[in-house]
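The values are calculated or read from the model by the stated rules, or taken from the named source; none is laboratory data. Note that the structure is predicted; figures quoted are calculated from it, not measured. As a convention, Cβ positions derive from the backbone with ideal geometry for all residues, glycine included, and neighbour counts pool all protein chains shown. The protein model used for the area step is the full one, side chains on, heavy atoms only, and it has no ligands, DNA or RNA in it. Shrake-Rupley method; radii C 1.70, N 1.55, O 1.52, S 1.80 Å.
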Amino acid sequence: MENGLSSEGTRAGARPILHYFTWAFIVTALGLLLGAYLGWQMTGTVGGMLTIFFICTVLAVLEISLSFDNAIVNANKLKEMTPVWQRRFLTWGILIAVFGMRIVFPLLIVVVAAKIGPWEAVVLAAAQPEEYASIMHDAHLPIAAFGGTFLMMVGLSFFFDHEKDVHWVRWLE
């Protein structure tokens with residue numbers, strides 16, 4: 001026992017660290033298996049199944065790494081908040097990030113781009129995914145311009161913040 005930790009990486013009487021990730025591992029495995037099943041259903045070939053499984057794996061790694069990055073930023077903000085605001089931030093932040101940006105926002109893009117109602121956009125996404133994808137593809141340029149502008153504003157606000165203590169490129173900042 002070194003530093004109060006057992007050979008399993010736990011403190012006396014504490015749960016193993018991986019225990020906290022059990023459901024995350026289960027959901028990830030189910031999602032990857034569902035992706036492989038979808039690949040098989042769409043192509044009927046092992047190659048097609050493996051291709052879609054690989055795409056799902058890459059997307060899962062990307063999502064996990066971006067979520068980890070966001071978790072670090074959020075943790076820095078959370079430590080300055082009261083417990084009440086921490087709960088609100090986490091609750092509303094998760095709802096907005098998961099449902100707002102991954103479900104509602106793409107549907108709103110289709111609503112605006114196709115000039116249809118929200119319910120028609122939901123029906124279009126469920127019943128005519130090719131048409132939905134075409135509308136999303138046609139809206140790519142304005143979305144990319146908005147995202148690029150937003151990221152540029154975030155970057156510029158970092159580089160030109162005179163009150164910050166950390167400097168990455170001192171001569172530029």
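Data overview
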{"quantity": "Accessible area of the chain belonging to carbon and sulfur atoms, whole % at 1.4 Å probe", "calculated": "72"}
{"quantity": "The range 17-155, relative contact order in percent, only Cα pairs under 8 angstrom and at least six apart counted", "calculated": "11"}
{"quantity": "Label corresponding to mean projected area of the Cα convex hull in nm² when calculated from the structure given, among (1) 9.4; (2) 16.9; (3) 12.3", "calculated": "(2)"}
{"quantity": "Separation of the ALA133 and SER157 label points, Cα + 7 Å toward Cβ, nm", "calculated": "3.6"}
{"quantity": "Paramagnetic reach from ILE94 in the range 17-33 [backbone N under 20 Å; point 7 Å along Cα→Cβ]", "calculated": "17-31"}
{"quantity": "For ALA75, net neighbour charge (Lys/Arg +1, Asp/Glu -1) across residues whose Cβ lies under 15 Å away", "calculated": "+1"}
{"quantity": "Cβ-placed point charges (K, R +1; D, E -1), dipole of the chain about Cα centre in debye, nearest 20", "calculated": "440"}
{"quantity": "Projected label distance in nm at LEU66 and THR149, using a 7 Å step from Cα toward the beta-carbon", "calculated": "2.0"}
{"quantity": "Accessible area per residue, Å², the chain with all protein chains present, probe 1.4 Å", "calculated": "81"}
